[in-house]
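Scroll down for the structure; my scribbles are underneath it.
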Amino acid sequence: MNSARRGATAVIAVGALLAGPIGGAAHASPPSYGSNGVFGVATNPTDSWATAYIRPGRYRVDQAPSMAPYQSAPGFWYRCHAFPCGPGFPGNVIASGAAIRDVSTFMDVLPSDVAVALHNVTLTAAS
């Protein structure tokens, strides 16, 4: 083997060592949903009512962000046992809550829920 090839091989080997393992653990952000819309619950898919789904679990509730000096409108969430889901259909609402600006609160999406409606709210899966 000539010296040029040995040098190139050594450079490749050193580069591979410095790069570290390929395919190391990736740290993905927890899923988030919002800030407006109706999400079907993944355990209860309903034809033609929802185009996006949320998994059951515990979620942090945050007021939708806004740019200074403005503040976004107050945020609310609704859990429903049937479609349509939202404040205009109180017979379908199981529970509701408000987002508190600058304070995180939490809500649970249950496997028995059919939909979650968000108004100026971002839900992020809690760890």
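The values are calculated or read from the model by the stated rules, or taken from the named source; none is laboratory data. It should be emphasised that the depicted structure is a prediction, and the values quoted were computed from it without experimental measurement. Glycine also receives a Cβ, built like all others from the backbone with ideal geometry; neighbour counts cover every protein chain displayed.
Can you spot a residue in the stretch 108-115 that is charged (D, E, K, R) and in contact with an Asp or Glu (Cβ under 9 Å, 6 or more places away or on another chain)? Break it down into steps so the answer makes sense when it comes.
Initial filter on the stretch 108-115 (charged (D, E, K, R)): 108, 113.
Applying the additional criterion that residues be in contact with an Asp or Glu (Cβ under 9 Å, 6 or more places away or on another chain) yields none.
Within the stretch 108-115 (the criterion being charged (D, E, K, R) and in contact with an Asp or Glu (Cβ under 9 Å, 6 or more places away or on another chain)), the answer is no, since none of the residues qualifies.
Only one of (1) at negative phi; (2) at pLDDT 55 or above is not met by Ser48, so which one is it?
(1)
In the stretch 89-111, what count of residues is obtained for those that are at pLDDT 95 or above, assigned to a loop (DSSP other than H, G, I, E, B) and of a type outside the set (Phe, Trp, Tyr)?
Selection size over the stretch 89-111: 2.
Which of the residues that make up the stretch 39-77 are part of a loop (DSSP other than H, G, I, E, B), surrounded by 12 or more Cβ atoms within 10 Å (Cβ to Cβ) and charged (D, E, K, R)?
Arg55 - this is the single residue of the stretch 39-77 that is part of a loop (DSSP other than H, G, I, E, B), surrounded by 12 or more Cβ atoms within 10 Å (Cβ to Cβ) and charged (D, E, K, R).
Are any residues in the stretch 52-66 of a type in the set (Gly, Ala, Ser) and in contact (Cβ under 8 Å) with a residue 40 or more places away in the chain, and if so, which ones? Reasoning before the result, please.
Going residue by residue through the stretch 52-66, those that are of a type in the set (Gly, Ala, Ser) are 52, 57, 64, 66.
Scanning the stretch 52-66 gives Gly57, Ala64.
If Cys85 passes every condition in (1) free of Cβ contacts under 8 Å to residues at least 24 places away in the same chain; (2) in contact with a helix residue (DSSP H, G or I) (Cβ under 7 Å, 6 or more places away or on another chain); (3) of a type in the set (A, V, I, L, M, F, W, C) but one, which one does it miss?
It is condition (1) that Cys85 fails.
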